1. Leu16: assigned by TED's automatic domain parsing to the domain that holds Pro55 and crowded, with 21+ Cβ neighbours inside 10 Å, yes or no?
2. For the stretch 133-171, what are the residues that are among the hydrophobic types (A, V, I, L, M, F, W, C) and either part of a helix (DSSP H, G or I) or over 28 Å from the mean Cα position of the chain (by Cα) (or both)?
3. Do the conditions hold for Lys218, that is, is it outside any helix (DSSP H, G or I) and either among the basic types (Lys, Arg) or at pLDDT 75 or above (or both)?
4. When you scan the stretch 44-65, do you find a residue that is buried (at least 16 other Cβ atoms within 10 Å of the Cβ), at pLDDT 90 or above and of a type in the set (A, V, I, L, M), even just one?
5. From Leu22, Leu33, which residue is part of a loop (DSSP other than H, G, I, E, B), modelled with pLDDT of 90 or more and buried (at least 16 other Cβ atoms within 10 Å of the Cβ)?
6. Give me the pairs, please: first residue somewhere in the stretch 119-143 and under 27 Å from Arg179 (Cβ atoms), second residue anywhere and outside any helix (DSSP H, G or I), beta-carbon distance under 6 Å, and either six or more positions apart or on two chains.
Amino acid sequence: MSPRKPLMPKATAVWLVENTSLSFEQIAEFCGLHVLEVKGIADGDVAHGIKGMDPISNGQLTREEIKRGEEDHGHRLTLADSKVDIPEVKTKPGPRYTPVSRRQDRPNAVVWLLRNHPELKDSQIMRLVGTTKPTIASIRDRTHWNSNNLTPQDPVTLGLCSQTDLDSEVKKAARRLEREKKEQGKKLEKAGTLLPTAETTQAPGLGPQPTVEIVAPKEEEAAPEETEAEQQARVFAKLQELGSGTKTED
């Protein structure tokens, strides 16, 4: 982070040159100026008509700090802490400035970008070429007033943007497309899941049907084993039946 500098540095340097015995190097370092600029202020060659601004009255320097610097020319002046916290203002970068001599080449550059890098968004083309969204739309729809005479031309060769900027925007667009494909694939996977059997087998217009349990048939119970006594009785009864049949025939 660069060291803080006083407000209105040239006006502060004028006051310090006129009202203190600080060295040119000390004033230049404190105000963020070149030593030759401070020397030019002292000689009257620089800062004509600039009224000096007292850094003590506006709280940027203290008398003790100035006195310490006057006694020791190797001492570096430090800006006094402000009693009011001023938030840092972050400015957004504005549209790219295009020289007047190159502005008629912007539609040709837009045609080249639309043909060779269709993945680029309109906002990216606007940053690269410095054109407007309605112009891009008219060129894409061929409703531009000079559509018949437009020829694709590389914006890098035209000097409208650098190769680094173009490569950076193309990489951003490629990452965006890859991310969109992954999200689309996830949605298709979720949509392709199978439904439960109870929902697919139910008749139209009816509610969910009860689940039918299929029970396997039970095996026949094995007959109890015959004891030796029962076996002898059965054989004796059979012999009796055979014997009674023979007597009747005789």
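The values are calculated or read from the model by the stated rules, or taken from the named source; none is laboratory data. These numbers come from a predicted model, not from an experiment. Note: ideal-geometry Cβ built from the backbone for every residue, glycine included; neighbour counts use all protein chains shown.
1. Here the answer is yes, as Leu16 does meet what is asked.
2. Matches in the stretch 133-171: Ile136, Ala137, Ile139, Trp145, Leu150, Val156, Leu158, Leu166, Val170.
3. It is true that Lys218 is outside any helix (DSSP H, G or I) and either among the basic types (Lys, Arg) or at pLDDT 75 or above (or both).
4. Scanning the stretch 44-65 turns up no residue that is buried (at least 16 other Cβ atoms within 10 Å of the Cβ), at pLDDT 90 or above and of a type in the set (A, V, I, L, M).
5. The match here is Leu22.
6. Leu128/Cys161; Val129/Leu160
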